[in-house]
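The values are calculated or read from the model by the stated rules, or taken from the named source; none is laboratory data. These numbers were taken from a predicted model, which means no experiment stands behind them. Quick reminder, even Gly has a Cβ in these numbers, built from the backbone with ideal geometry, and neighbours come from all protein chains shown. For the accessible areas, the whole protein counts, side chains as well, though only heavy atoms, and no ligand, DNA or RNA atoms are used. Shrake-Rupley method; radii C 1.70, N 1.55, O 1.52, S 1.80 Å.
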Amino acid sequence: MTAAPKLTNARADFYARIGEHGMTPLWEVLKGLITPEPRSPALPALWRYDEVRPYILEAGELITAKEAERRVLILENPGLKGRSSITHTLYAGLQLILPGEVAPAHRHTQTALRFVVEGEGAYTAVDGERTTMRPGDFVITPSWTWHDHGNDSDRPMVWMDGLDIPLVQFLDASFSEHAKEDTQQVSKPEGDALARYGQGLLPVGHRTTTPTSPIFNYPYARTREALETMRRAGPWDPHHGLKMKYVNPATGGWAIPTMATCMQLLPKGFSGSPYRSTDGTVFSVVEGKGHTTIGGQRFDWAPRDIFIVPSWVEHTHHADEDAVVFSFSDRPVQEAVGLWRERRSA
Ligand code: 1HN
């Protein structure tokens, strides 16, 4: 495309006059609207858990989970300040729940994922079933389901929340409500959903009524064991190592309709080839140390660190030790409308 047109007096006068009629000239903004490649305002960034942890605990002294409703420190992308966003379409935060606390039941149209970072033994309840959360567990709160959290353990518990908040906001499709009781009635035994849907079985005659996976806790122990078994056979992807997606067993699709979720194993010494894709991605390190070069900038990571790769920014992963990394992005939305692209370099 050519350079922006010159702003002459006659043009400026014209723009002012059509502005009075709710119009503005396309030719002044075209270049910024239709870019030859994605140009995300989001920036590469990394949150070192050791650095942010003291602030998360300090928040625990300032406000209760009940008063805050959710005691969360938002991970705000430095290129998207004031927008409660970690990528253009996604939100992430670190939530603290202290022993004995309850985060009261509510529901909303935004879908949430939880990725447990620290502590063990707090629960989340979704539609009448509780699940105990452990580090590395991937937990889903589907759109419009009642959910509350509680910590019956004797230690603080911290998890990363990932929600499709900016996406839902963009679509103006937010609804929410509070439950009458802080803690919802438990109506199913713990593990019911995993037994019913997470064993290569489905109830006969099962009919899919919602797009989100009926499994709401994918325990880390099982995921880790699967990766360990698969590594013996490979194959290794030159960019991703051994990368698996969390799947909805009832549809074969992504576990969440708006957020792709994956777990990958990068073996010790892995040095990936450059990769880019249109889905800005949030990574959360579970095990191992390494670094990722994002748009030419090096980010060293260790367990519990969180980093982000914006849309279409080239990046390469390197692992100094066997590393296990969780990630999420808006890929399902892009795929549904035919927009998702990747570029693999040698
Ligand atoms: C929410 O419901 C939770 O349920 C966490 O734990 C973070 C951020 C914005 C809106 C709703 C939760 C949230 C949230």
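When restricted to residues that are within 12 Å of the ligand (Cβ to nearest atom) and either out of contact with any Leu (no Cβ under 8 Å at 6 or more places or on another chain) or of a type in the set (A, V, I, L, M, F, W, C) (or both), segment 124-141 contains 6. Within segment 95-112, the set of residues being within 10 Å of the ligand (Cβ to nearest atom) and assigned to a strand (DSSP E or B) comprises Q95, I97, A103, P104, A105, H106, R107, H108, A112. Would you check if L80 is surrounded by 17 or more Cβ atoms within 10 Å (Cβ to Cβ), more than 10 Å from the ligand (Cβ to nearest atom) and not hydroxyl-bearing (S, T, Y)? In short, yes.
Being over 21 Å from F326 (Cα atoms) and part of a strand (DSSP E or B) is the filter here, so list the residues in segment 113-146 that pass it.
Kept after step one, since they are over 21 Å from F326 (Cα atoms), are these residues of segment 113-146: 125-130, 143-146.
A125, V126, E129, R130 - these are the residues of segment 113-146 that are over 21 Å from F326 (Cα atoms) and part of a strand (DSSP E or B).
Within segment 164-172, one or more residues are part of a loop (DSSP other than H, G, I, E, B) and away from the ligand (no atom under 12 Å from the Cβ).
Among residues of segment 162-190 that are among the charged types (D, E, K, R), those with a Cβ under 8 angstrom from a residue that is open to solvent by 100 Å² or more (accessible area, probe 1.4 Å), sequence gap 6+ or separate chain, pair up as D182/K66. The residues listed here are T209, T145, T131; of these, the one that is open to solvent by 20 Å² or more (accessible area, probe 1.4 Å) and hydroxyl-bearing (S, T, Y) is T209. Of the residues making up segment 160-174, not a single one is modelled with pLDDT of 95 or more and farther than 26 Å from T281 by Cα.
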